[in-house]
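*Asks:* Before I ask anything, here is the structure I am working with.
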Amino acid sequence: MGSDTLYPTERAAKRVAVIPGDGIGVEVTHEAARVLLAGVAKFKRQLEVAEFDWGAERFLRDGTTLPAGAVEMFRRDFDAILFGAVGDPRVPSNRHAADILLGLRAKLDLYVNIRPVELFDPSLTPLRNRTEDDVRMIIFRENTEGLYAGAGGQFRRGASDEIAVQEDINTRRGVERIIRYAFEYARARNLGKVLMSDKSNALTFGHELWQRVFAEVRGEYPEIEARHLYIDALAAELVRDPSQFRVIVTCNLFGDIASDLAAQLAGGLGLAPSGNIHPGRVSLFEPVHGSAPNIAGKGIANPMGSVLASALLCDHIGWGDVGDLLRSAVRAAVRERQTTKDLGGTRSTREVGDWLLEFVSKAGAADN
């Protein structure tokens with residue numbers, strides 16, 4: 001991999017930045033990058049990878065979080081970012097994590113958080129008598145507003161009458177663009193259904209805006225079945241009958257929670273990828289799981305979520321064939337029980353990476 005200081009004067013066909021981050025992020029990102037490069041080589045594509053050491057180690061060493069000029073560099077020089085995870089108990093404030101990950105989401109305006117949920121083998125779901133087709137959906141989470149916008153404050157901190165206020169920010173522009181993206185995605189892939197979830201019966205100002213915008217936008221897509229559920233009803237229905245859902249769109253907080261619940265129906269966070277996207281611009285892809293410092297360095301972390309995030313990255317840069325190959329490799333590994341302990345296997349992180357790399361390398365001859 002490259003460095004964060006020198007770049008060739010002639011730009012490769014595609015360029016990807018890698019930020020492994022902290023904890024198991026370092027381990028799983030290493031394996032994902034190996035599998036990604038094998039897939040790229042299989043299709044005889046040109047890809048340059050540059051690695052950046054931004055994380056807790058760097059922050060504790062010299063205070064670096066997201067360096068000045070980093071956002072402009074990514075916009076100018078890169079097509080996508082492969083991210084690991086951030087979070088380290090040695091930084092209790094998690095300042096570096098907020099500056100790096102949330103900073104990139106906000107400053108690159110990555111307003112679409114995409115979380116595919118796909119059951120690769122019926123044995124992985126805790127639900128009875130469910131097939132792969134029953135647990136297959138896409139959840140779109142608004143990624144730059146809501147309760148994650150950081151608006152609010154604390155008053156009389158530490159006192160017995162302390163007050164904490166966290167404000168839920170919803171703009172017409174932000175709500176409309178994520179809802180429209182969900183409909184466009186469903187239309188382009190003939191998925192046929194879009195469900196919007198909110199809590200407008202209780203959050204009568206911000207989520208009433210979601211209701212009005214959804215009602216307006218759905219009229220532009222008459223061929224798509226548009227439906228609404230309150231978030232508590234959605235959570236119950238996901239468990240009762242996930243087969244009814246194909247595309248779900250919701251706000252930042254609810255999307256975070258609903259997508260983790262749905263991921264558990266497909267085998268857990270170890271198989272959950274996500275993309276932080278601005279269409280047509282440099283975007284960031286990461287596994288949903290965190291840095292898990294309690295298991296870091298033990299060789300037991302599941303790299304499949306990171307490999308699947310790499311597949312989403314390939315889709316974003318126009319290499320859907322490479323993405324499909326990476327997904328096929330993960331699906332085959334799950335079905336052949338070549339997995340880490342969390343999925344019932346006995347393989348180490350590195351051994352799973354080796355198996356996936358070998359599968360990709362030995363796949364049938366691919367056209368350029």
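Each reported figure results from applying straightforward, stated rules to the coordinates on display, with no laboratory input. Quick caveat, the model's predicted, so the values are computed rather than measured. Cβ coordinates were reconstructed from backbone atoms using ideal geometry, including for glycine residues, and neighbour counts include every protein chain displayed.
*Asks:* Fully extended, how many nm does the chain gain between Arg173 and Arg75 (0.36 nm per residue separation, minus their Cα-Cα distance)?
*Replies:* 33.1 nm
*Asks:* Right, next: For a bin width of 5 Å, list the pair-distance distribution of the range 250-357 built from all Cα-Cα distances, rounded to whole %.
*Replies:* Pair shares across the bins are 2, 12, 20, 24, 20, 14, 6, 2, 0.
*Asks:* Using 7 Å Cα-to-Cβ label points, what is the Glu225/Arg281 separation (nm, one decimal)?
*Replies:* Distance between the two pseudo-spin positions: 3.5 nm.
*Asks:* Moving on. Round to the nearest 0.05 the FRET efficiency obtained for Thr346 and Glu57 when R0 = 41 Å and r is the Cβ-Cβ distance.
*Replies:* Working: r = 30 Å, r/R0 = 0.74.
Between Thr346 and Glu57 the formula returns 0.85.
*Asks:* Then there's this: Normalised radius of gyration for the chain, please: alpha carbon Rg relative to 2.2 N^0.38 Å, two decimal places.
*Replies:* 0.99
*Asks:* Given the peptides 147-155, 226-234, 279-287, 131-139, arrange them by the average over their residues of other C-beta atoms within 10 Å, most packed first.
*Replies:* By packing density, highest mean first, the sequence is 279-287, 131-139, 226-234, 147-155.
*Asks:* Gain in length, Ser361 to Leu203, computed as 0.36 nm per residue apart minus the alpha-carbon separation, to one decimal in nm?
*Replies:* Residue separation times 0.36 nm, minus the Cα-Cα distance, leaves 51.7 nm.
*Asks:* Rounded to the nearest 0.05, what FRET efficiency do Asn94 and Arg156 give with R0 = 22 Å and r taken as the Cβ-Cβ distance? Could you check?
*Replies:* So the FRET efficiency works out to roughly 0.40.
*Asks:* Residue farthest toward the positive end of the dipole of the range 1-138, with Cβ of Lys/Arg at +1 and Asp/Glu at -1: which of Ala13, Thr64, Leu37?
*Replies:* Ala13
*Asks:* Can I ask one more? For Ile163 and Glu184, what is the calculated FRET efficiency with R₀ set at 56 Å and r taken between the beta-carbons, to the nearest 0.05?
*Replies:* In this case the efficiency is close to 0.85.
*Asks:* At each listed q (0.11, 0.18, 0.21, 0.27 Å⁻¹), what is the log10 of I(q)/I(0) that the Debye formula gives for the range 54-139 modelled as equal alpha-carbon point scatterers?
*Replies:* Log10 I(q)/I(0), no solvent term: -0.50, -0.84, -0.96, -1.33.
*Asks:* Okay, next question. Under 17 Å between alpha carbons: how many lysine pairs meet that in the chain, if sequence neighbours fewer than 8 apart on the same chain are excluded?
*Replies:* 5
*Asks:* While we're here: As I understand it, the dipole of the range 77-163 uses +1 on the Cβ of Lys and Arg and -1 on the Cβ of Asp and Glu, about the Cα centre. Which of Ile114, Ser160, Phe140 lies farthest toward its positive end?
*Replies:* Farthest along the dipole direction, towards plus: Ser160.
*Asks:* Give me the one-decimal nm value for the distance between modelled label points at Lys107 and Ala236, 7 Å along each residue's Cα-to-Cβ direction.
*Replies:* 4.4 nm
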